[in-house]
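Taken together, the values in this text are just the output of simple stated rules run on the coordinates, not laboratory data. If you're wondering where the values come from, they're calculated on a predicted model, not measured in any experiment. All Cβ positions, even for glycine, are placed from backbone atoms using ideal geometry, and neighbour counts span all protein chains on display.
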Amino acid sequence: MSDILVGVDPRDVSVRALVWAADEAVRRGARLRLVVAVPPLDDGPARTRRGSPRARAESVLTNAEDLVRELHGGLWTATELVDGPPATVLRDRTAGAALAVVGSRHLARATEVLAEGSVAVPLAAGADCPVVVIREPEHTAVHPPLIVVGVDGSEDCRTAVAFAATEASLREARLLAVWVRPRPPLPRGDGTEDLGGSHRLLAESVVGCAERHPDVRLDQVVLRGRPVEELTRASREALAVVVGREGRGGYSGTRLGSTVHGLLDHAACPVIIVPPSEPAATEGAPSGAGRSRSRDGPVGRPARSHPIGSELGGAA
């Protein structure tokens, strides 16, 4: 059974990410695996304080498990306290996981990439499973609920579409596939032929969704503009926005594309970054031997995540 992996930060616990991950584990009938990584300390006097951050991490991990137990008493959980850089520790545990979930510290892009202990960007760039970054809360008051997926015709986007359709089915949500075409520098005619080709490519990218998930209403839209801006606008009414990793060395020299970076900065709901269907092998061995404990129990009954009824306007 694949785990839902959630990174727990002992310095600034993201309750929102923890709750999201627990709810998703219930929906999928999966085990929730909570991981706290304690970064290595510098040499010198700081070494004498080694026990203090580890003790705090132990306490945070216990509190996180208690919160999950209050939310979903029957959920199967496992916890780990590990020494090592958080992004590396989590990345090394994504092989075979269903999802990895982390919170966002709302850092500027350069800070998020370069700061010690930053997690979201390096994890999304190197994970073997989809990574969920809980930057903002999901919009549960919109009815019917909405999952947005960005489409560009690549193989990466087809994998993202397949994931988004499964997620929409689990959440009884509709799926909106969005293809954003850049505005031409100079207008040429009415653009009908160009948009017609985009509509065809968009339809090809979502082929098979209806057959695999007949319960999911699928809407398709081609927009003119900038992908980050248009997907951010769509995210304001969504449970999540899903995109392929699209990486050929973005801003940070990672495998993340510019759209992913932009959404991590601006999206108004959780962002789910889906790796290619055949992910590259993860570099390095699992880091640090750590304390691991598990609590076995029956998996909770699948349920929606705190639904609130509200009406949603038509798709763009």
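Of the peptides 259-265, 139-145, the ranking by mean beta-carbon count within 10 Å, highest at the top, reads 259-265, 139-145. Note that the stretch 68-84 has calculated 3J(HN,Hα) couplings of 4, 5, 5, 6, 9, x, x, 6, 7, 10, 9, 10, 9, 10, 10, 7, x Hz, one per residue in order, obtained from phi through the Karplus relation 6.51 cos²θ - 1.76 cosθ + 1.60 (θ = phi - 60°); glycine and proline are x. Along Cα→Cβ, 7 Å out, is where each label goes; now give me the distance between the ones at Ser52 and Val207 in nm to one decimal. Label-label distance for Ser52 and Val207, simple model: 6.1 nm.
The protection proxy used here, the mean number of other Cβ atoms lying within 10 Å of each residue, ranks peptides 209-219, 91-101 as follows, highest first: 91-101, 209-219.
For the stretch 11-28, the Karplus equation 6.51 cos²θ - 1.76 cosθ + 1.60, evaluated at θ = phi - 60°, returns couplings of 7, 8, 5, 8, 4, 4, 5, 5, 5, 4, 5, 5, 4, 5, 4, 5, 4, 8 Hz by residue, with Gly and Pro reported as x.
In plain terms, the chain from Glu229 to Thr62 could stretch by 56.1 nm, reckoned as 0.36 nm per residue minus the Cα-Cα distance.
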